[in-house]
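Structure first, then comments.
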Amino acid sequence: MKNIVILISGGGSNMAAIVRAAEHERWAERFGARIAAVVSNKPDAGGLAIAGAHGIDTAVVPHKDFATREVFDEALARVVDAHSPALVVLAGFMRILTPGFVGRYAGRLVNIHPSLLPAFPGLHTHQRAIEAGCKVAGVTVHQVTTELDHGPILAQAVVPVLPDDTAATLAGRVLAQEHLLYPRAIAGWLADTLSHIR
């Protein structure tokens, strides 16, 4: 069984969408894959309760307990490695990962970003898209590399920017696409991985 470990920091809406897809689309039967664990850097992350309700193992590695990013990432990696992950999924995990952590999971670490990368890496993507006069915005699923919000693109979805959009209204429409795109991109990654193994 291929284990997927999801890292979160908050409410876990993308994580929940992935969990629902794994259940409804029978990833265990189709891909031999399952969501093995959900790990958060925040003890009060709402997504932990959602994962627990689905019978998924959860763990917390509070980043505030560690003096440096490197020490935190080492502790996080030990928790992740306990599940022998085939894929590590960042789903609203609000930490910049060290090169050591990224290198450890090279080729099996993915992230979702609320813009059409390479446009608008980093924060405040929706406001920046509006201020730039973009006619479209969107979302990108990509493999994680040491360069922030870069790496090979796995999937994208386009969302129109409406004349009366605010950052909040645009974010809401983009989030709806995130919930569709992320599970689809992960299923595609699993299918592609299987095709290389066979």
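Summary of values
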| read-out | value |
| --- | --- |
| Which listed residue, of G188, G133, G107, is surrounded by fewer than 18 Cβ atoms within 10 Å (Cβ to Cβ) and farther than 30 Å from R30 by Cβ | G133 |
| Residue within segment 163-171 that is buried (at least 21 other Cβ atoms within 10 Å of the Cβ), at pLDDT 95 or above and either in contact with a His (Cβ under 7 Å, 6 or more places away or on another chain) or not small (G, A, S) (or both) present | yes |
| Sole residue being closer than 30 Å to A132 by Cα and small (G, A, S), chosen from S9, S84 | S9 |
| Residues being touching a helix residue (DSSP H, G or I) at 6+ places or on another chain (Cβ under 7 Å), hydrophobic (A, V, I, L, M, F, W, C) and farther than 21 Å from A91 by Cβ - total across segment 149-166 | 1 |
| Search result, residues across segment 13-59 that are part of a strand (DSSP E or B) and in contact with a His (Cβ under 8 Å, 6 or more places away or on another chain) | I35, A36, A37, D57 |
| Number of positions in segment 150-172 that are within 18 Å of the chain's Cα centre (by Cα), more than 21 Å from V110 (Cα to Cα) and among the polar types (S, T, N, Q) | 0 |
| Enumeration of residues in segment 76-98 that are β-branched (V, I, T) and in a loop (DSSP other than H, G, I, E, B) | I96, T98 |
| Options V139, V89, V144; residue that is over 20 Å from F72 (Cβ atoms), buried (at least 19 other Cβ atoms within 10 Å of the Cβ), touching a helix residue (DSSP H, G or I) at 6+ places or on another chain (Cβ under 7 Å) and modelled with pLDDT of 95 or more | V139 |
| Lone qualifier among D65, D57 - being exposed (fewer than 13 other Cβ atoms within 10 Å of the Cβ), among the acidic types (D, E) and over 21 Å from H113 (Cα atoms) | D65 |
| Any chance N3 is polar (S, T, N, Q), more than 17 Å from G92 (Cβ to Cβ) and either in contact with a helix residue (DSSP H, G or I) (Cβ under 9 Å, 6 or more places away or on another chain) or not in a helix (DSSP H, G or I) (or both) | yes |
| Number of positions in segment 17-37 that are over 19 Å from D81 (Cα atoms), without any contact (Cβ under 8 Å) to a residue 60 or more places away in the chain and either surrounded by 14 or more Cβ atoms within 10 Å (Cβ to Cβ) or among the small types (G, A, S) (or both) | 2 |
| Check on V71, of a type in the set (V, I, T) and surrounded by 14 or more Cβ atoms within 10 Å (Cβ to Cβ) | no |
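The values are calculated or read from the model by the stated rules, or taken from the named source; none is laboratory data. Not measured: the values here are computed from a predicted model. A quick note on method: Cβ atoms are made from the backbone with ideal geometry, for glycine too, and the neighbour counts reach across all protein chains shown.
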